[in-house]
């Protein structure tokens, strides 16, 4: 049970995790539902698919570009303020999507406003807050929260679809926005706390003696050897480059599939129903995979787990490219599904373990920026090569091959040297640091 | 090119064609009317904050008694 200075009640950090999960469930889940609006909005407002797609593409770009800035704001003002304001803006802008009549308003609202707001209520900020509450079980806490976007997609995408059927797309946007504004925002305001010290708690897994008489927050906790005063300090050490470089490849190998999976499956002769079933299995395995990783991340070396996850995804790509027909599609769905969402909690926990908590929002934003840039490059590369080669095997093989580099980069992180888990005083007191 | 994906990490919207297939799968498996599915999924969403608030208030009440 988590260490707690208030007796045997539930550690408050788990409530933070629950609200973090719900925040990501609604914010990212509603965002993922954009696809179901493309056809009804295009038909009613007589837009082309390209116009609507442009809004979506701008949204992806803006979300990637603004992650480091929102992460910086998190580090300055704390998660409660940044995440709450972001949820308010995201909720209002999503509700206002119900009033859209112009493509420019769609681009402005979805492409710029809600995409920027989403950066403030994202894995980056929520993870950074949770990392302040957990040390020994940080991996599990971050992983539970990371399941939020996948669970949100599984629930909110069908909900939006059926709302459009039973009412119309305007009602569906309003309902999604109302969920964010009236459900997630009040919970965030009521329950989120930036630091355990704000309510007289100590972080889970921390040593009481180390914080005796001192409950004012994470900045007063023991710090790892590479703890940074400014976020730019981290750029002078290898781990941030290794983590961000691997995360760049993570973006390459997730977004390329997201954009080109359907045409690839059709090219392989897979039926639409089978492709949907394989993709559904993949979504369910996302959640299974991230929970398993959370359990393992608190017991074993996190860099080894991260390297293994990238290696598993590489194997999935090999199956996709080399195995014929639906065998490759199903094999990929199983292995890639298990690895899909396992990377964010491992990347965040390693960043926190190595660089400390002071600039974790900014550093998480930098890694996520790299992730989104990698994704954009791979999507464009795949389209370019498909137009010239008439097949997806080459771009998929190139993206898959990059996973070898990501895996090596992860395995080669000097976790024992830099991570606070392996510093003698904390490791001995908390029982962590084994299994490297 | 249409922005796709429902299972990415961050902000990518879902493919409308794929989502249409998934809807057909749900229809064929569950065999329920769209209104029933909306109510069911809506209740799933509402159950989460209710559960969180219940735990929060229970813990707060217990803590005050300690």
Step by step: find N for the stretch A:281-423, compute 2.2 N^0.38 Å, then divide the Cα radius of gyration by it. What's the final number?
1.13
Would you mind classifying the stretch A:103-162 by shape? Square roots of the alpha carbon gyration tensor eigenvalues, ordered a ≥ b ≥ c; an a/c under 1.5 is rounded, otherwise it is prolate if a/b is larger than b/c and oblate if not.
oblate
If you find the alpha carbon centre of the stretch A:331-405 and of the stretch A:246-296, how far apart are they in angstrom?
12 Å
For chain A, take the longest principal axis of its alpha carbons; what is the angle in degrees between that and the long axis of helix A:343-355, to the nearest 10 within 0 to 90?
30 degrees
Relative contact order of chain A: what whole-number percent is it, with Cα pairs under 8 angstrom and at least 6 residues apart?
24 percent
After finding the eigenvalues of the alpha carbon gyration tensor for the protein assembly as shown, what semi-axes result from the square roots of 5 times each, listed largest first in whole Å?
35, 27, 20
Helix A:302-322 sits at what angle to the longest principal axis of chain A, using alpha carbons and giving 0 to 90 degrees rounded to 10?
20 degrees
What number, in percent, do you get for the relative contact order of the stretch A:270-408 if the mean sequence gap of Cα pairs under 8 Å and at least 6 apart is divided by its residue count?
33 percent
Given axes a ≥ b ≥ c from the Cα gyration tensor, I'd like to know whether the stretch A:1-137 is rounded (a/c under 1.5), prolate (a/b larger than b/c) or oblate.
prolate
Chain A: angle of helix A:169-179 to the longest principal axis, Cα-based, in degrees nearest 10
10 degrees
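Computed from the coordinates by the stated procedures, all read-outs in this text should not be read as laboratory data. Keep in mind it's a predicted model, so treat the numbers as computed, not measured.
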